[in-house]
Structure formats: structure tokens, C-alpha cells
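Heads up: the structure comes next, in C-alpha cells.
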Amino acid sequence: MKILEVEHVTKSFRKKKVIDGISFSVGEGKVVGFVGPNGAGKTTTLKLVTNILIPDSGSIHIAGFNILKEREKALANVAGVIENPALYMELSGYDNLRFIQRAYGKSKSDMEQVIEMIGLGHAMRQKTGRYSLGMKQRLGLGMALLADPKFLILDEPTNGLDASGIIELRALICRKAKEGTTVLLSSHILSEVDRIADEVVFIKDGKIVEESAMPPLRKKYLVKAGDAKGVLGQLASIRDAEAVLVNDTTVEFRVGAGDFAKAMRLVCQEEYQVQDIQQEGTQLEHVYQDIFREDA
């Protein structure tokens, strides 16, 4: 089932078309990266999906519900942080979170679990007006998580976070995805999208880049094996795989998601004595450069 379906959506401001007939969908339980340069239409799209903005034309469905005709049912499935978290600055972090807890009928135990997740225990009694940007991001994420949505939308969630915060956020997103939450993640940090996204949607000049126009997005793997040359020979039989012998015991290869299972069947045979397979990431930066080179 598709948790999100966007069909032929347009949006203009002062006669300037910012979103130009975009269509894309997000499957349940996926982490999907939403990527594009500044001004491409990322945040506007997320505001349309969350009904902060109304499209000029087209339709948006969340969990099968039309967001304009069945607004309450659609939005009951979604929570998120878009641009800056909406906080009551004169209230403490605890009271901001308490407001969400009561609104959604969650228990105090649920609230305490979220406080532990976001790592703000030491500051929850402080007024949020005194929070740093990173602390506000953490609290906003906690408020979204406390709603326990099926669909979580995060717009540049690493803004203001230090290295530890980014690592914790990454682990949290992966954990929620394993629990069945769908995540749509907009970020300029391609390495983070690379690490956690199952799929990537690119937007350019208010239009979604068609998959047919995109270079292949391939993950890179390192295979350590007793017979590395044998592994290399097997991978050569996959038309779209790229494989090189790094040394006598290691093969580096890139392959698309559709060919990964086939590659594993070929190389993980007893005679090749495979000892380890490590995922190194994808060619996301290269794909991004290919798509947006003219904008650089």
C-alpha cells in the first residue's frame, strides 16, 4: 500500500509556478529521501503534503484519504517537523511535550520514553525560548514521535545538531522504520540520506525528476573472500554490476537494488569462501551531480 500519493500537483505564488505538476508516491515502511537544491520546491511540497498549503490543482492522498476532502482522516496518519518546529517559547520543553501528550491521549509513560529518545532530560524544565536550534529540533522531533504517526515527515532534521545528535537521529529513524513507520526525509546532507534511505526522490525546478532520466542509483559493497577472483568472475555475469579486484582477498562492486539478491546468490557459494560483505553506501553524490550539474 502507498502511504502517500501525490498526483499532478501544482502551486504558484504571485503567478510564479513553484510546483509544476508533480507526481510521486511513497510506500509503507520505507525511508524515502527527498533531495534537491535550494529553491527546488522541497519545503513547499512538504507543506502541501501536510496541508499547511493548499495546491492549485492535483490531488494528495495519505493512507488512502484525500487530504482536502477527508482532511482529519488523512492528517491523523501524519506528523512532522517542517522548517522550524512550532513551539510555545514561553513554555518549558516538558510543557510543550505535555500538550501533545494530552492532545493525542498518550500516557505519561509514552511521554517519558520520548524524552529519553530525544536526549533532552537535562533541559526539559527550561523555557524553549532559551533552547539552541539543535535542542529545538530534538524537541520538535519528540513531539512528532509522541503522536506515533504512520507517516513521519522531516524537513532538514539535522539543522543545528552536533555529530552525536546526527548519529542518534539516524539510529532513531532506522528504528522507527523497522517498527513500520514511513519516513519522508528532506536533507542537504547527502551522506545521511545515503545511509538510511531505501529510495530517493529528486526534485528540480519544481518538477520531479523521472526515474527514466536518472542515472542508476547503486550501492557499493566490499566482499572479502578466499577466492576473490572467483567472486569477481561471478559478478561479471551481471550486466549492470561494476566490480573490481581491490587485492587478493577483496572485491569492490556496485549494483542496483534489483540485482542485489542475484549478486548474493552468485557470490555466496561455498567454493568462494566468502568471509564478509560490507555495504559502503551509494553513488548518491554522483547521481546528484549528474542531475543538477547545470545548477552548480
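Along the positive direction of the dipole of the chain (beta-carbon charges: Lys, Arg +1; Asp, Glu -1; about the Cα centre), which of Val6, Ala177, Val31 reaches farthest? Of the options given, the answer is Val6. Plainly put, the stretch 216-295 has a radius of gyration that is 1.04 times its Kirkwood radius, both from alpha-carbon atoms, as the Rg/Rh ratio.
Exposed loop sites are taken as trypsin sites (Lys or Arg not before Pro) in a DSSP loop (any state but H, G, I, E or B) with at most 15 other beta carbon atoms within 10 Å; the longest stretch of the chain without one runs 126-238.
Among the GluC sites (Glu not before Pro) in the stretch 75-132, those placed in a DSSP loop whose Cβ has at most 15 other Cβ atoms within 10 Å are Glu83, Glu90.
Just how large is the dipole of the stretch 119-163 about the Cα centre, in debye to the nearest 20, putting +1 at every Lys and Arg Cβ and -1 at every Asp and Glu Cβ?
With only Lys, Arg, Asp and Glu charged at Cβ, the dipole is about 280 debye.
Given the pairs Lys106/Lys220; Lys108/Lys219; Lys15/Lys69, which are separated by over 30 angstrom at their Cα positions? Correct reply: Lys106/Lys220; Lys108/Lys219. Measure out, as a whole number of angstrom, how far apart the alpha-carbon centroids of the stretch 35-110 and the stretch 1-34 sit. With the stretch 35-110 and the stretch 1-34 each reduced to a Cα centre, they are spaced 15 Å. The charge dipole of the stretch 88-137, taken about the Cα centre with unit charges on the Cβ atoms of Lys, Arg (+1) and Asp, Glu (-1), comes to about 120 debye, rounded to the nearest 20. For the chain, the equivalent ellipsoid built from the Cα gyration tensor has semi-axes of 38, 25, 17 Å, listed from largest to smallest. Each of Phe260, Ile291, Val246 was scored by the projection of its Cα onto the charge dipole of the stretch 216-295, and the greatest displacement toward the positive side belongs to Phe260; charges sit on the C-beta of Lys, Arg, Asp and Glu. Taking a ≥ b ≥ c as the square roots of the eigenvalues of the Cα gyration tensor, the stretch 161-235 is classed as oblate, since a/c reaches at least 1.5 and a/b does not exceed b/c. Under a model in which nothing but the beta-carbon of Lys, Arg (+1) and Asp, Glu (-1) is charged, the chain shows a dipole of about 1120 debye around its Cα centre. Between Leu169, Leu245, Leu152, the residue with the greatest mean-square fluctuation in the GNM of the chain (Cα pairs under 10 Å linked by springs) is Leu245.
Bear in mind these aren't lab numbers, they're just calculated from the coordinates by the rules spelled out. Since we're looking at a predicted model, the values are computed, not measured. Cβ: placed from backbone, ideal geometry, glycine included. Neighbour counts: every protein chain shown.
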